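The block underneath contains the structure these notes are about, expressed in structure tokens.
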Amino acid sequence: MKLLDIFAKLKGDMSRIEQELERSISFGDELLSETSLHLLKAGGKRLRPVFVLLAGKFGQYDLDKLTKVAVPLELIHMSSLVHDDVIDDASTRRGQLTVKSKWDNRIAMYTGDFIFGKALTIATELDDPFIHQMLSKSLVQMSIGEMEQIRYFFNTEQTIRDYLLRIRRKTALLIAISCQLGAAAAGADRDVVNRMYRYGYNVGMTFQIRDDMLDLFGTEKQIGKPPGSDIRQGNITLPVILALKDEKVKEPLMEQIRLIQEHNGNVDTKPAITLIKSSKGIQLADQLAEDYIQKALHALEGLPGIGAKKNLIDIAHFVGKRNY
């Protein structure tokens with residue numbers, strides 16, 4: 001089943017979540033509501049709410065309760081994007097002007113804070129300490145992951161482990177708890193809740209690895225931003241780390257990275273991308289992404305053979321091969 005088919009099956013419930021997302025950021029300061037809606041209308045895959053709903057199928061499915069989990073998680077994701085665009089000095093996202101580009105950095109930072117505050121407000125409507133604890137822990141880890149990314153800008157000595165720990169915090173944890181908390185909010189068994197977390201974590205790791213690969217070989221139409229944006233801003237991703245292990249590529253690639261850094265990213269990144277493509281960096285990164293997908297699929301083994309399980313399997317395969 002294709003991803004669009006899965007979304008079509010959840011269309012009614014996803015429409016409810018979309019309405020709640022818009023409603024949640026439409027009250028408050030007029031400018032903050034405008035900037036927040038700009039980000040919301042730019043779209044997105046809404047994978048985190050989908051994971052919440054599908055995980056909720058393994059328990060007592062209650063859309064009202066699941067919405068109060070799905071909306072905060074998507075808002076937290078949105079707030080992190082606004083802050084990311086400021087840090088990365090990104091002018092476009094999903095083919096649309098970023099908040100910082102259309103307004104300015106200060107407005108963007110307050111917009112992110114506003115969306116984040118709205119997320120916490122909705123989450124408190126659920127009387128479940130476990131959900132609150134997992135949300136707060138993931139937010140702390142996300143912040144650490146963002147700081148680590150800044151700390152490692154243009155650092156060609158970082159290890160694969162450094163990278164994996166960073167994307168675990170930046171991306172994988174929020175996807176993991178989307179699956180975990182969807183099951184928990186539905187009152188699923190502890191084993192199911194734990195399996196959902198492991199599934200989401202491994203899918204999340206793959207999601208970010210593929211995202212970093214797409215930045216190097218995807219087109220602007222596919223990824224909604226100019227290719228090579230990561231290396232231009234100093235973000236040394238897994239394919240680059242792996243390419244630097246190739247002795248034929250290492251020195252010329254390091255020279256290109258130094259050139260990019262010296263000119264604050266205002267140089268052509270095509271020579272660097274060509275070097276990375278000539279190595280086995282992308283191929284090895286793809287293999288690691290596939291390893292995580294297999295771990296995600298393994299986490300689902302033993303769960304009831306309901307439609308939601310098949311949907312989660314299909315999403316894992318999509319994430320493992322996605323090109324947008």
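The values are calculated or read from the model by the stated rules, or taken from the named source; none is laboratory data. None of the values given here were measured: they were computed from a predicted structure. Backbone-built Cβ (ideal geometry, glycine too); neighbour counts: all protein chains shown. Note: areas computed on protein heavy atoms with side chains; ligands, DNA, RNA excluded. Shrake-Rupley method; radii C 1.70, N 1.55, O 1.52, S 1.80 Å.
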Check: Any idea which residue in the stretch 98-120 is farthest from E220 (Cα to Cα), counting only those that are open to solvent by 20 Å² or more (accessible area, probe 1.4 Å) and either assigned to a loop (DSSP other than H, G, I, E, B) or without any contact (Cβ under 8 Å) to a residue 12 or more places away in the chain (or both)?
Finding: G117
Next item on the list: Any chance you could count how many residues in the stretch 220-259 are at pLDDT below 95, under 29 Å from K295 (Cα atoms) and among the polar types (S, T, N, Q)?
Entry: 2
Next item on the list: Collect the residues in the stretch 165-181 that are over 14 Å from the mean Cα position of the chain (by Cα) and open to solvent by less than 40 Å² (accessible area, probe 1.4 Å), keeping them in residue-number order.
Entry: Q180, L181
Note to self: I'd like the full set of residues that are more than 26 Å from L242 (Cβ to Cβ), of a type outside the set (D, E, K, R) and without any contact (Cβ under 8 Å) to a residue 60 or more places away in the chain, limited to the stretch 276-324.
What the structure shows: G305, I313
Note to self: Would you confirm whether or not the stretch 226-237 contains a residue that is aliphatic (A, V, I, L, M), part of a helix (DSSP H, G or I) and touching a residue at least 60 places away in the same chain (Cβ under 8 Å)?
What the structure shows: no
Next item on the list: Select from the stretch 101-151 the residues that are among the acidic types (D, E) and over 20 Å from G182 (Cβ atoms) and write down the one among them that is farthest from the chain's Cα centre (by Cα).
Entry: D104
Check: Residues D5, D13, D62, D29: which one is surrounded by 16 or more Cβ atoms within 10 Å (Cβ to Cβ) and farther than 19 Å from F207 by Cβ?
Finding: D13
Notebook entry, point to check: Restricting the stretch 201-248 to residues that are of a type in the set (D, E, K, R) and open to solvent by less than 40 Å² (accessible area, probe 1.4 Å), which is farthest from D286 (Cα to Cα)?
Noted result: D230
